[in-house]
Amino acid sequence: MNKYNQKISSINNALSTRYVIIILVVALVISFFSYTFILNKTRTDIIASATNESNLVINLSKGFVKAYSDFEDQYANGLLPSRAIYRSHALELANLSSLFEGSLHSEVVGFPGKSINKGPTDDKMRRQMLLLQTSSNQNMNLTSIIKNDRSVVRTVAPFYATEQACVDCHNSIQHLTEPEKWQIGDLMGAQIVEKNIKPQLTTSKRETFMISLLIFCAAITVSLFFILIFQKMLLIKESNKQKNTDTMPGCINRS
C-alpha cells in the first residue's frame with residue numbers, strides 16, 4: 001500500500017504542475033484571440049458608423065446646394081451668393097457641432113490657383129485628390145484612417161464639372177482663359193469630412209480588455225473543471241488497477 005500511496009501522490013503532483021501550466025497557456029491564448037477579434041470587430045463598426053455620419057454630412061451639403069440651384073432662377077441676378085460661397089457656408093447652417101457633439105469637421109478643398117484657395121492639408125489628402133482627379137468613377141468616395149496623435153476617419157467626396165452651365169459660370173466668375181478654363185469632367189474640388197474616433201477607440205480598448213479578462217477567468221475555471229474530472233478518472237483507474245493486482249485485499253497490515 002505504501003507503493004500505491006506513493007504512486008497516487010506522484011500522479012497528483014505531476015498532474016498539478018503540468019495542468020496548471022496548461023490551464024494558464026490555454027486561458028491566455030483564448031483571451032488573446034478574443035481580445036483581438038472583439039477589438040477588430042468593434043473598430044470596424046466604429047469606422048463604419050463614422051463613415052455613415054460623414055456621408056450624411058455630405059448629403060446634407062448636397063441638399064443645400066440642390067436647394068440653391070432649384071430656387072436660384074426665382075431671384076434677380078446677383079441677389080444670391082455664388083454656389084461656391086453657398087457650399088462653404090452650407091455646413092455652418094447644418095450646425096454640425098450640435099449634431100455630432102463637436103467630433104466632426106468638414107471643409108471644401110481644391111487645387112489652389114484655379115478654383116478653391118484652400119488646398120489639401122497634408123500629403124495623404126493631396127494623393128487622394130490626385131487619385132480622384134484621374135479616376136473615371138465620378139461617384140467615388142475615399143475613406144481613410146489617419147494615425148498620429150489622434151485617430152480620424154476621413155471621407156473625401158469629389159465634385160466634378162458635370163454640366164456646361166457650371167463650367168461656363170466658373171470660367172466667367174474666375175475670368176479664366178485657355179488653357180486654364182474648366183472643362184466638363186474636371187475635378188473642381190472635394191468635400192472633406194473628418195470624424196475624430198479616438199475617444200471611441202479608447203473606450204473600446206478598455207471595454208474589450210475587461211471582456212478578455214472575464215474570458216481569461218472563465219477559461220481557467222472551465223479548464224480546471226475538466227482537468228479535475230480527468231484527474232479523478234486517472235485516480236479511479238489506478239485504484240482499480242491496484243485492486244486487481246492486490247493478492248491479499250483483506251490484509252491491510254500483516255506485520
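Applying 1/(1 + (r/R0)^6) with r as the Cβ-Cβ distance of V26 and E207 and R0 = 30 angstrom yields a FRET efficiency of 0.80.
As an exercise, use a Förster radius of 30 Å and the Cβ-Cβ distance of Q174 and R150 to find the FRET efficiency, rounded to the nearest 0.05. That gives a FRET efficiency of 0.25. When the C-alpha to C-alpha distance is required to be over 22 Å, the pairs from K66/K195; K62/K181; K147/K195; K62/K195; K41/K198; K118/K181 that qualify are K66/K195; K62/K181. The string of couplings for segment 29-40 from the Karplus curve (6.51, -1.76, 1.60, θ = phi - 60°) is 5, 4, 5, 5, 5, 5, 4, 5, 5, 5, 5, 5 Hz, one whole number per residue in order, with x for Gly and Pro.
For segment 185-224, the share of accessible area belonging to carbon and sulfur comes to 73 percent (1.4 Å probe, ligands and nucleic acids excluded). The label point for A218 and the one for T121, both projected 7 Å from the Cα toward the Cβ, are 4.2 nm apart.
With a simple spin-label model that places each label point 7 Å from the Cα along the Cα-to-Cβ direction, the separation between L56 and L131 comes to 2.6 nm.
The values are calculated or read from the model by the stated rules, or taken from the named source; none is laboratory data. Since the model is a prediction, treat every value here as computed from it, not as a measurement. Neighbour counts are summed over all protein chains in view; Cβ atoms, including those assigned to glycine, are modelled from backbone coordinates with ideal geometry. Ligands, DNA and RNA are excluded from the accessible area calculation, which covers all protein heavy atoms including side chains. Shrake-Rupley method; radii C 1.70, N 1.55, O 1.52, S 1.80 Å.
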